[in-house]
1. Round to the nearest 10 and report in Å² the accessible area of residue 33, as given by a 1.4 Å probe over the protein chains' heavy atoms.
2. Could you check the spin-label model distance between residue 34 and residue 49? Points 7 Å from the Cα along Cα→Cβ, value in nm.
3. What is the spin-label model distance, in nm, from residue 142 to residue 92 if the labels are put 7 Å beyond Cα along the C-beta direction?
4. Working with all protein chains in place, sort 93, 166 by solvent-accessible area computed with a 1.4 Å probe, largest first.
5. Taking a spot 7 Å from the Cα of residue 135 along the direction of its beta carbon, which residues of segment 162-195 have an amide N less than 16 Å from it?
6. With a 1.4 Å probe and all protein chains kept in place, how do 193, 165 rank by accessible area, largest first?
7. Just reorder 182, 45, 176 by solvent-accessible area, largest first, 1.4 Å probe, all chains present.
Amino acid sequence: MTEKVIRRIAPSSLGPTIERARTGDSQAFAGLYSCYYHEVFRFVLVRVTDRHLAEDITSETFLRAFGAMERYAPTGADVGAWFITIARNLIIDHFRSSRVRREVLIGDARAQDTVTAPSAEEQALEMIRHEPLRSALAALPAHHRKTILLQYWAGWPNERIAREMDGRTTGAVKALRRRAFLHLRTSLRREAMAQ
């Protein structure tokens, strides 16, 4: 059957084809593939926007569906919805793994190999450059210093800082941090003017 002929068949009349595919009939599955390929491909392409990746995910969708076809339980819904669900899960898996995966190109890896640690002189100059900030932080009242350090060095959210600082509200933490920055700016200006 051609794609157009199969596509004109109502999903409810695909029941016998689905049943044959569930028993391992590859010709019946090929009919389902022809019927739903373009629909699944369009669904994937809209979400990944890369034609080659969409083709890969669509192919993987039908491979997985073929492998799981005997476990497919018709629910009265169109079998295409099942194919779309598989495709959606593959898209989600792709984006999750690409967020976690850190690929380094060969050229980048070679460039990283040539990077050396800073020399003792560079480290000393860096410490001197940051000394005014360290001094100004040390001069802040303890609760101001703690707020800034927990936010910017530890990376804590306002809610966690509030709990750590005797159960203050997040609004109180924000106000405290604002006052801390005002004190810090004043100290750094005084330091700069004294030099």
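1. 90
2. 3.5
3. The answer from the label model is 4.8 nm.
4. Working: 93 75, 166 145 Å².
Sorted by accessible area, descending: 166, 93.
5. 184-195
6. Details: 193 160, 165 10 Å².
Listed by decreasing accessible area, they come as 193, 165.
7. Numbers: 182 90, 45 50, 176 0 Å².
The ordering from most to least exposed comes out as 182, 45, 176.
The values are calculated or read from the model by the stated rules, or taken from the named source; none is laboratory data. Computed from a prediction, not measured in an experiment: that's the story for all the values here. Here the Cβ is made from the backbone with ideal geometry for all residues, glycine too, and neighbour counts use every protein chain on show. SASA here: full protein model, heavy atoms, side chains in, ligands and nucleic acids out. Shrake-Rupley method; radii C 1.70, N 1.55, O 1.52, S 1.80 Å.
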